[in-house]
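Have a look at the structure below, then the notes.
The values are calculated or read from the model by the stated rules, or taken from the named source; none is laboratory data. What you see is a predicted model; the values in this text were computed from it and never measured. Glycine also receives a Cβ, built like all others from the backbone with ideal geometry; neighbour counts cover every protein chain displayed.
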Amino acid sequence: MTNRKVDGNENAKVLYKADPNSSDEFVVLVNPDMYSQWQTDKSIPLADVVSTFQVMRTVHGAQGFDGEASKQQLHSAFGVERADEAIPIILERGHLQNANLTDMTGRHDRDSSKRQQRH
């Protein structure tokens, strides 16, 4: 899956580190404009905020994904086993990062890299 645009806006990542002693981080891809609105208005449907109902896990820092978080990893970190239950927790406790996004296979989005070079 590559990065997609939602309403013409590029995706961003919300990162959350459940355990400060671990290198594991959980990542949700979001539309940054809708995420900002959702922070103050929780009546906005999550389907308008997230790009996909997946929670990714990274052990390599913010630049690469290790894959989709397992039910066991979600349960250990959040006390839930389903991504749709963990996503609101990540969105509430995490922080937004607008950076070169890496798709689920670990490749960088070429368009995103070109845009950043022009700025």
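Summary of computed values
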| quantity | calculated |
| --- | --- |
| Top-ranked residue in segment 1-36 [being at pLDDT 80 or above and surrounded by fewer than 13 Cβ atoms within 10 Å (Cβ to Cβ); ranked as farthest from HIS95 (Cα to Cα)] | ASN21 |
| Segment 66-83, residues that are surrounded by 13 or more Cβ atoms within 10 Å (Cβ to Cβ) and not in a strand (DSSP E or B) | ASP66, ALA69, GLN73, LEU74, HIS75, SER76, ALA77, PHE78, VAL80, GLU81, ARG82, ALA83 |
| Residues of segment 7-37 satisfying the condition of being over 18 Å from ALA83 (Cα atoms) and either among the polar types (S, T, N, Q) or in a helix (DSSP H, G or I) (or both) | ASN9, ASN11, ASN21, SER22, SER23, PRO32, ASP33, MET34, SER36, GLN37 |
